[in-house]
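The values are calculated or read from the model by the stated rules, or taken from the named source; none is laboratory data. Model, not experiment: these values are computed from the prediction. Cβ sites come from the backbone with ideal geometry, for glycine too, and all protein chains shown count toward neighbours. What goes into the accessible areas is simple: the full protein's heavy atoms, side chains included, and nothing from ligands, DNA or RNA. Shrake-Rupley method; radii C 1.70, N 1.55, O 1.52, S 1.80 Å.
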Amino acid sequence: MDNLQGNGGAAGNGGLNEARLADMLLLFLKIGAITIGGGYVMIPLIREVIIDKKRWITERDFVDNLAIAQSIPGPIVVNFSLLTGYRLRGLKGGLLSLLGTVTPSFLIILGIAIFLWRFKDIHLVQAAFLGIRPVVVALIASAAYKLGKPVFRLKRALVLFILFLAGLIILGVHPIAVVVAGAALGVLWPPKSGVEKG
Amino acid sequence: MFFVLLDLFLSYVKIGFFGFGGGYAMLALMEHEIIRVHGWMTMPEFIDIIAVAEMTPGPIAINSATFVGYNVAGLPGATLATLGVILPSLLLIIPAAKIVSYFYQHRGLQRALTGIHPAVIALIGFAAIVVGESAMVDLKSWAITAGCLALLFLRGTHPLLLIALGAVAGLILYA
């Protein structure tokens, strides 16, 4: 987190506006409804609105929330909206923000599953999906590459990665076991120079 | 039906609880639970759902939970799977916020995260391989993947545009 120090400290709490519950729900509904491409697209948009436009939160608190959202398990935007709402307006704020984030995607997917999925057996649709599937492979591979690039600057992380990948492919290790082993190895075999950046 | 719903809910609680690193990292876990353990859908169906999740708004983990839940057990399935994947966040985030300063300074936790990061990336890499095994079935599909990787890295093409191009390529090559 390079901008952890940000400008939040200087701005202090002085210029912040209070967030109304209805506004929070609306904001997350809107972001949940328009952002295609998952969490990493949603976060910058949320940032723009709640820091620059609405002035609900300082840069520093925003970055803190994001770091926590990424450190605990679960979908990152779910964690993030829950935490941001909670810190702005308590439990009610957290639940409403979460509701806003989840509802649009739930309804849209439900609509597709109910009304559109029946067309998937049509020959042309199947041909299109045969072309789309290899695209999905590329998207997942590039996500691994993007996340790996900063992490693998440390050789230790690269060694662990190769170890885990080999375990998954060759030994068929359970995905949960890989996460648990990662946590255990992180504690037992800590990086030499303190802690690497998250 | 009751047991299918319970299974679905518990599977997604598991996916949420061990799903570090966001949606893509959860794919390996979902594949394990949904295809290998329960046989609720086939690999190609699962990939198509990931593609749909990419094309629609919202977090991918939520999209796929709703979709898989619906396909397995209708509206109750969609609701329970979505609630299941959210539940661990609900339980964990507020304690995490309460102990925020402690959370940052805690050496053990920071160390654990240095091991979890490579594990998460390995899970995403593994998801790419597993998805690749059933998506890259012939020379044409290999060419599409290679072309997409080139566009992603050299031009930073938007994923949505890539999916559209993939659909067009599919219609030309396979229809």
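Rounded if a/c is under 1.5, else prolate if a/b beats b/c, else oblate: with a ≥ b ≥ c from the C-alpha gyration tensor eigenvalues square-rooted, which is chain A? Oblate is the answer for chain A, as a/c is 1.5 or above yet b/c matches or exceeds a/b. Between the range A:135-160 and the range B:1-39, the C-alpha centres lie 23 angstrom from each other. Only protein heavy atoms count here; on that basis, with a 1.4 Å probe, B:Glu31 has an accessible area of about 10 Å². For B:Lys98, a cut-off of 26 angstrom between C-alpha atoms picks up these lysines, skipping any fewer than 8 places away in its own chain: A:Lys54, A:Lys92, A:Lys197, B:Lys14.
What is the interface area between chains B and A, defined as buried accessible area summed over both chains with a 1.4 Å probe, reported in Å² to the nearest 100? If you can, show how the numbers build up before the last one.
Values: alone 10890 and 13580 Å², together 16420 Å².
That pair hides around 8000 Å² of surface in total.
On the protein heavy atoms, probe 1.4 angstrom, tell me the percent of accessible surface of the range A:28-142 carried by carbon and sulfur. Walk me through the numbers before you get to the answer.
On the way: 2840 of 4320 Å².
Ligands and nucleic acids excluded, carbon and sulfur reach 66 percent.
Rounded to the nearest 10 degrees, the angle from helix B:2-18 to the longest Cα principal axis of chain B is 80 degrees.
Among the DSSP helices (H) of chain A, those spanning at least 15 angstrom by Cα along their long axis with an average Kyte-Doolittle hydropathy of 1.0 or more are A:21-34, A:76-111, A:123-151, A:155-166, A:175-188; this is a geometric and hydropathy rule only.
Counting Lys and Arg as +1 and Asp and Glu as -1, what is the net charge of the other residues whose Cβ lies under 15 Å from the Cβ of B:Ile50? Combined, the nearby Lys, Arg, Asp and Glu give -4. Computed from backbone phi, the HN-Hα couplings of the range B:143-154 come to 5, 5, 4, 4, x, 5, 4, 4, 5, 5, 7, 8 Hz, rounded to whole numbers (Karplus: 6.51 cos²θ - 1.76 cosθ + 1.60, θ = phi - 60°; Gly and Pro given as x).
If you average the alpha carbon positions of the range B:156-170 and of the range A:28-105, how far apart do those two centres end up, in angstrom? Cα centroid of the range B:156-170 versus Cα centroid of the range A:28-105: 28 Å apart. Ordering of A:98-106, B:37-45 by packing is A:98-106, B:37-45, highest average first (other Cβ atoms within 10 Å, averaged per residue). Annotation: amide H of B:Phe20 within the under-5 Å range of A:Gly74, sequence separation 5 or more or interchain, hydrogens built in the peptide plane. Accessible-area rank, largest first, for B:Asp7, A:Asp52, A:Asp64: A:Asp52, B:Asp7, A:Asp64, with all protein chains present and a 1.4 angstrom probe. Is the C-alpha gyration tensor of the range B:86-175 telling us rounded, prolate or oblate? Criteria: a/c under 1.5 is rounded; beyond that, a/b larger than b/c is prolate, otherwise oblate. In terms of gyration-tensor shape, prolate. To the nearest 10 degrees, how steep is helix B:43-55 against the longest Cα principal axis of chain B, on a 0 to 90 scale? Orientation of helix B:43-55: about 80 degrees from the principal axis.
Could you list log10 I(q)/I(0) for the range A:101-190 at q = 0.11, 0.13 Å⁻¹, which the Debye formula gives when each Cα is one point scatterer? Values, matching the q order: -0.59, -0.74. Remark on A:Val173: its backbone amide H falls under 5 Å from those of A:Leu168, a criterion applied only to residues 5 or more positions apart or on other chains, H modelled at 1.01 Å from N.
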